[in-house]
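Working notes, beginning with the structure itself.
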Amino acid sequence: MSVERRVIRVASQILGGSEADLTVSDSPETVSEWDSLRHMNLILGLEEEFGVTFSDTEMLELVDIQSIVDVTSQKCGE
Amino acid sequence: MELPSYAKMQEEATAESVDLPGLKVAVLRNIVLEPILPIYQYCAARIGYRAAVEFGGYDAALQEAIGNISALLGPDTDCVVVHLKLEALSEVITRRVSSAVAAVVADECERVLSYCSGVIEGVRAHTDALILWHGFETPAHPSLGILSGQREDSETNSVRRLNRELRRTVKSHESAYFVDLDLCLARVGYPDYYDLRFWQRNRAPYGLKGMMEIAVEDFKHIAWIKGKHRKCLVVDCDGTIWGGVVGEDGPMGVALGDDYPGRAYVEFQREIVSLCERGVLVAVNSKNNEADVADVFETNPWMQLTTEHIVSWRVNWQDKASNLCEIAEELNIGLDSMVFMDDNPREADHVRTALPEVEVINLPEGKPFLFRDLLASCGYFDVLSVSAEDKRRAGMYRAESARRRARPEHLELGDYLRSLEMVARVCLVDEASVPRVAQLTMRTNQFNLTTKRYSEGDIRRLSDADSSDVLYLQLEDRFGPLGIVAVAVLTYRGQTAHIDSFLMSCRVIGRGVEEVLIGQVVRQCILKGCKTVTADCVRTRKNEIVEEFYPSNGFQTEWEDTSPDGEEARHYSCELERFQLVGAGYLARLVSEIEGAVADEC
């Protein structure tokens, strides 16, 4: 499964709602459940899914689904 | 306990749990702990509850406890978790010790203890809910390094001292338990237990693995309070309680001894014996010839488990799921009371699929050194009290098997019951009987008129108060003691008594025990100067058997009702002077300690 699909699956599980409803352009601005607490949960879930640990700099870049996909792909060497 | 991924837990928790009964959890804290929420919900769903978790104000534990400022604490709160991180509670103790004077540290410790006492007393004043007090973690990297363990006023020794005091304080409160987080830290390991990034950024100290371990530990306590802990361990033989295959290696050739891997299996068996000694039922479910397995039990000197420990045997070539169902029926327990351990992944999978209510632990093949820890850590059998009856349980079940075998096919019921030579004792609850009486109210579902669940504290309170009494009936027959098998809770108001609870263990259904107890209940009411006794029958899915109990004992139906939850309730009453006492019924002897009773009626 592609990084994008996996990110969207984890995000839909943690933010609630179905995978079909989430796209790469979604962010805390477009998803009402995506508050700062859920954002922390999301990072925990992503780190577990991909077996990575985001650095401080990387965490600052995780502002929407697209950027999460980009940063994660880079970390997984894709 | 195996947990799925964090994302999966979150998904499952919100999806499946809609129909389950609620579990109201309040968390008082001085750090960010919200990410634990989906893990709590998952753990709750696993024991059959929909958890509604609310967090108190950040660093407002005392205000929440005393002032109940967020209205989290009340009569319908099920559990209060108190999580105070020492780093947020006292900077002096946790980071500034090198510059602090011993007297200052001592004062700080007093202040912390005083704060904590305030919290626990405040909580107790608002609610009787289970309190889980999370202990302080001992620092893994103390500032003083190797000196920290050696100096009295160091962070390390302050934490140890505080935890000791807190254990004592918590223990002095009813239904409150100290949860040792150092154990969680040890199991997970420092780098995975904490998440220093989230601690520094958001004051959220824990990593995913840390929170999972803490949640699992909390729910071992909650599971027991709710009676959801398991009661029966069923084990396979080959590869599980000994290495090798007895059918091929012979009873002396299986791996069991003081070398490797025999030693690991011996240790595993010792762990099982230890469970048995505190009341867990142990059964065998093995694909083998009966004689081969019997040979090992009888002739191999390294066996720790003996035939005395095993309450049920299914050693045959039948499928293991069917065997488990038969064991459940034989022991008269639910499948949801059982844990099955097998080293064969195909057998484990088959049982998991066929019987989803059974917890299945697939022991890692060829790694017996892990078995003992897997059993000790699974948490399914964890309890917070062990009664004297629990310890005798295996013996009692074996006596029960003997009773069943002795029951002849076509004997007239009355003759059969009289041949049992039953002796019953009916008394008011005393301290020694409290744990078993409370346990019975928690577990009895079939012969239970109102299904009210009471903790040990509740039973003590009901028994101490002038306006209520708790009676129990203890039974033995010619095969041995059955222990306390029936309980009645009475409340009094003026000349009217009310039977708040009336329940009886399903083990003794059909012996007329309930008639004997109701007779003694009436005697007690008369003694208290009552003229009328009232009672309720609240119908559930499981207590069909009690439908006609009160009418058949001379009670009049006063009214019927259906509660908002759809429960049917009937209210009865009976004028005491018109009550027909059945006395000792089929008993050989009744010893009644209700004053005014004639002792040794026959």
Legend entry - Interchain or long-range residues, amide H under 5 Å from B:VAL315's placed H: B:SER286
Legend entry - Sum of -39500 (n - 2.57) over DSSP H runs of 4+, divided by residues of chain A (222 nm, nearest 500): -17500 deg cm²/dmol
Inset, instruction - Quantify how strongly other chains surround peptide A:36-44 by giving the mean number of their Cβ atoms within 10 Å of each of its Cβ atoms. - result: 6
Legend entry - Residues of chain B: accessible area per residue with a 1.4 Å probe, Å²: 44 Å²
Inset, instruction - Ignoring ligands, DNA and RNA and using a 1.4 Å probe, state the total buried accessible area between B and A in Å², rounded to the nearest 100. - result: 1500 Å²
Inset, instruction - Consider all pairwise Cα distances in segment B:254-393 and report the whole-number % of them above 26 Å. - result: 21 percent
Inset, instruction - Give the peptides A:8-15, B:555-562 in descending order of average Cβ contacts within 10 Å, highest first. - result: A:8-15, B:555-562
Inset, instruction - First compute the accessible area of chain B with a 1.4 Å probe, then give the percent of it belonging to carbon and sulfur atoms. - result: 48 percent
Legend entry - Calculated Rg and Dmax of segment B:55-154 using C-alpha coordinates, Å: 15.9, 48
Inset, instruction - Check the straight Cα-Cα distances from B:LYS367 and name the lysines below 21 Å, setting aside those fewer than 8 residues away within the same chain. - result: B:LYS287
Inset, instruction - Grab every C-alpha pair in segment B:186-233, bin the distances at 10 angstrom width from 0 up to the longest one, and report whole percents. - result: 26, 35, 25, 12, 2
Legend entry - Kirkwood hydrodynamic radius of chain B, from inverse mean 1/r over distinct Cα pairs, in Å: 27.1 Å
Legend entry - B:ILE66 paired with B:ALA52, simple spin-label distance in nm, labels 7 Å along Cα-to-beta-carbon: 2.8 nm
Inset, instruction - Over all directions, average the projected area of the Cα convex hull of the protein assembly as shown and note it in nm². - result: 36.7 nm²
Inset, instruction - Taking a cut-off of 21 Å between Cα atoms, list the lysines near B:LYS209, but don't count ones fewer than 8 places away on the same chain. - result: B:LYS8, B:LYS85, B:LYS220
Inset, instruction - Apply the Karplus parameterisation 6.51 cos²θ - 1.76 cosθ + 1.60, with θ equal to phi minus 60°, to every residue of segment B:478-495 and state each ³J(HN,Hα) to the nearest whole Hz, in sequence, with x for glycine and proline. - result: 5, 8, x, x, 9, x, 6, 10, 8, 9, 9, 10, 10, 10, 10, 9, x, 9
Legend entry - P(r) weight above 20 Å for segment B:1-131, C-alpha pairs, percent: 53 percent
Legend entry - Semi-axis lengths, Å, segment B:387-479, gyration tensor of Cα atoms, sqrt of 5 times eigenvalues: 30, 15, 13
Inset, instruction - Working with all protein chains in place, sort A:SER25, B:SER5 by solvent-accessible area computed with a 1.4 Å probe, largest first. - result: A:SER25, B:SER5
Inset, instruction - Among DSSP beta bridges whose residues both lie in chain B, state the antiparallel percentage, nearest 5. - result: 45 percent
Legend entry - Antiparallel bridges, percent of DSSP beta bridges restricted to the protein assembly as shown (to nearest 5): 45 percent
Legend entry - MRE, 222 nm, helices only [DSSP H, n ≥ 4, -39500 (n - 2.57), over chain B, to nearest 500]: -11500 deg cm²/dmol
Inset, instruction - Quick one: which residues, 5 or more positions from B:LEU23 or on another chain, have an amide H under 5 Å from its amide H? H modelled 1.01 Å from N in the peptide plane, none for Pro or chain starts. - result: B:ARG50, B:ALA51, B:ALA52
Legend entry - Shielding by partners, peptide B:207-216 (average Cβ within 10 angstrom, other chains): 1
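The values are calculated or read from the model by the stated rules, or taken from the named source; none is laboratory data. Predicted model, so just to flag it, every value in this text is computed and none were measured. All Cβ positions, glycine included, derive from the backbone under ideal geometry; neighbour counts span all protein chains shown. Heavy atoms of the whole protein, side chains included, go into the accessibility calculation; ligands, DNA and RNA do not. Shrake-Rupley method; radii C 1.70, N 1.55, O 1.52, S 1.80 Å.
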